[in-house]
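The values are calculated or read from the model by the stated rules, or taken from the named source; none is laboratory data. Keep in mind that this is a model prediction, so the values were computed, not measured. Heads up, the Cβs are rebuilt from the backbone with ideal geometry, glycines too, and the neighbour counts pull from every protein chain shown.
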Amino acid sequence: MRVGEILNKVFLIEIFKGLALTLRMLFSKTVTIQYPSQRRKVHEGFRGRHALVRDPFSGNDKCIGCMRCTTVCPSKCIHIKREKTENKMVVIDYIIDASRCIYCAYCVEACPVCALVLTEDYEYSSYRREGLVFNKEKLLKNWDDFAKRWHKDFYFNKFWQPPGIDPSRWPKTKREQAPIPLKRVVEIKREVNDESDGS
Ligand code: SF4
Ligand code: SF4
């Protein structure tokens, strides 16, 4: 055994080094927070729970059933049931299996009418697999819940603008997408609720 190793053993140098480190950390700035009573501010553009954007004027979703999102999705976790009427495509149901999603936001980028978003909501775990399968009704509710908590009056998702593609090549609906007035969304929700209560 070398002299250094003997001194180490006799004077417990490594233990004292460890205690010194603990003492130093005791007085340094904490990096953890007391979740869930404390929450970190989510960065804008965070890709969380999926939602179908509620049109602030019609109150419905904006999906036109073009199937671009299903085509581009690498996880194949979007399923759309649609029906062709005389002059337009009607989306009967829109299902996303969030347990398979990799949150790439390709679906959001590809959508020509900005009907889909990955909101900043991140607390939606479930004990059951079905709890992470969102249908159209649930996706619209996700949007309403998100809109209620959003801290600004308007909403605009930066992933609606696909990077690396000349904006002149985007569809007109995407190019001219205006921020969504969220107060109007809340009003519509109230009107829809009032109507269903009255009937
Ligand atoms: S974020 Fe990516 S993986 Fe998830 S649904 Fe959209 S395209 Fe599919
Ligand atoms: S890309 Fe947009 S409009 Fe087309 S089916 Fe998907 S959500 Fe609907």
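For L139, only one of the following conditions fails: (1) within 30 Å of S37 (Cβ to Cβ); (2) without any contact (Cβ under 8 Å) to a residue 60 or more places away in the chain; (3) within 11 Å of ligand 2 (Cβ to nearest atom). What is its number?
It fails just one condition, (2).
With respect to the numbered conditions (1) within 16 Å of ligand 1 (Cβ to nearest atom); (2) not in a loop (DSSP other than H, G, I, E, B), which one is the sole condition not fulfilled by G131?
(1)
Going through the range 99-119 one residue at a time, which ones are in a loop (DSSP other than H, G, I, E, B) and either near ligand 1 (Cβ under 6 Å from one of its atoms) or in contact with a helix residue (DSSP H, G or I) (Cβ under 7 Å, 6 or more places away or on another chain) (or both)?
If the condition is that a residue be in a loop (DSSP other than H, G, I, E, B) and either near ligand 1 (Cβ under 6 Å from one of its atoms) or in contact with a helix residue (DSSP H, G or I) (Cβ under 7 Å, 6 or more places away or on another chain) (or both), then S99, C101, I102, Y103, C104, A105, C111, P112, V113, C114, T119 are the ones that fit.
Whether any residue in the range 65-82 is away from ligand 2 (no atom under 12 Å from the Cβ), of a type in the set (A, V, I, L, M, F, W, C) and without any contact (Cβ under 8 Å) to a residue 12 or more places away in the chain is what I want to check.
For the range 65-82, residues away from ligand 2 (no atom under 12 Å from the Cβ), of a type in the set (A, V, I, L, M, F, W, C) and without any contact (Cβ under 8 Å) to a residue 12 or more places away in the chain: absent.
Of all residues in the range 132-165, how many are more than 18 Å from C111 (Cβ to Cβ) and more than 16 Å from the chain's Cα centre (by Cα)?
The total comes to 4.
Can you tell me which residue is nearest to ligand 1 (Cβ to nearest atom) among those in the range 71-94 that are β-branched (V, I, T) and surrounded by 16 or more Cβ atoms within 10 Å (Cβ to Cβ)?
Among those that are β-branched (V, I, T) and surrounded by 16 or more Cβ atoms within 10 Å (Cβ to Cβ), it is I78.
Do you know which residues across the range 1-42 are under 30 Å from D121 (Cα atoms) and either of a type in the set (G, A, S) or touching a Cys at 6+ places or on another chain (Cβ under 6 Å) (or both)?
If the condition is that a residue be under 30 Å from D121 (Cα atoms) and either of a type in the set (G, A, S) or touching a Cys at 6+ places or on another chain (Cβ under 6 Å) (or both), then S37 is the only one that fits.
The rows are residues; the columns are (1) part of a loop (DSSP other than H, G, I, E, B); (2) in contact with a Leu (Cβ under 7 Å, 6 or more places away or on another chain).
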position: K29; (1), (2): yes, no
position: S37; (1), (2): yes, no
position: F46; (1), (2): yes, no
position: A51; (1), (2): no, yes
position: I64; (1), (2): yes, no
position: H79; (1), (2): no, no
position: N87; (1), (2): yes, no
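Filter the range 99-112 down to residues that are within 20 Å of R129 (Cα to Cα) and surrounded by fewer than 18 Cβ atoms within 10 Å (Cβ to Cβ) and give me whichever is farthest from ligand 2 (Cβ to nearest atom).
For the range 99-112, the residue satisfying everything is S99.
Give just the number: which of (1) in a loop (DSSP other than H, G, I, E, B); (2) under 22 Å from W170 (Cβ atoms) does T70 not satisfy?
Condition not satisfied by T70: (1).
Checking the condition at pLDDT 90 or above and in contact with a Gly (Cβ under 7 Å, 6 or more places away or on another chain), which residue from R54, R82, R47, R24 passes?
The match here is R82.
State whether one or more residues within the range 182-193 are at pLDDT 90 or above and out of contact with any Leu (no Cβ under 9 Å at 6 or more places or on another chain).
No.
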